[in-house]
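Take a look at the structure below.
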Amino acid sequence: MRRPIAPLALIVTLIIGVALPAHASVSYTVPTRGAVTVAIYDLHGARVATLLDHAYTMEWDGRATNGATVSSGVYFARIEHASGTRTKKMVMLK
């Protein structure tokens, strides 16, 4: 009997610190091994950051790929894997 495969999941937790700027913790699970891309997009659909970590939890420090701090607003964390794509909305407030 085959075991069911766990679905693709994406969990985004925003962490607001007093000493540190706001950042987001992005966690995911995938049902099978394979390449995973986790990216952050702005409200207009432009990719502002790609999280380059091979762990199942990544931190986004509120900076774009070019190092510039992003402004307050709505952003989307998107995970892409062979088994599917998931997107979660988050609000960055500073």
**Fill in**
Diffing segment 57-68: the Karplus 3J(HN,Hα) column from phi (6.51, -1.76, 1.60, θ = phi - 60°), in whole Hz with x for Gly and Pro, holds 10, 10, 10, 10, 8, x, 10, 6, 4, 7, x, 6
**Request:** Provide MET58, MET92 in ascending order of the number of other Cβ atoms located within 10 Å of each residue's Cβ, fewest first.
**Result:** MET58, MET92
**FRET efficiency for THR69 and THR29, using Cβ-Cβ distance with R0 set to 41 Å, rounded to 0.05** = 0.90
**Prompt:** Highest mean first, what order results for 62-71, 77-86, 38-47 on Cβ atoms within 10 Å?
**Reply:** 77-86, 38-47, 62-71
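Since every read-out is calculated from the coordinates, none of them should be taken as a lab result. Just so it is clear, the model here is predicted, and its values are computed rather than measured. Because the Cβ atoms are built from the backbone with ideal geometry, glycine has one as well, and the counts that use them run over all protein chains shown.
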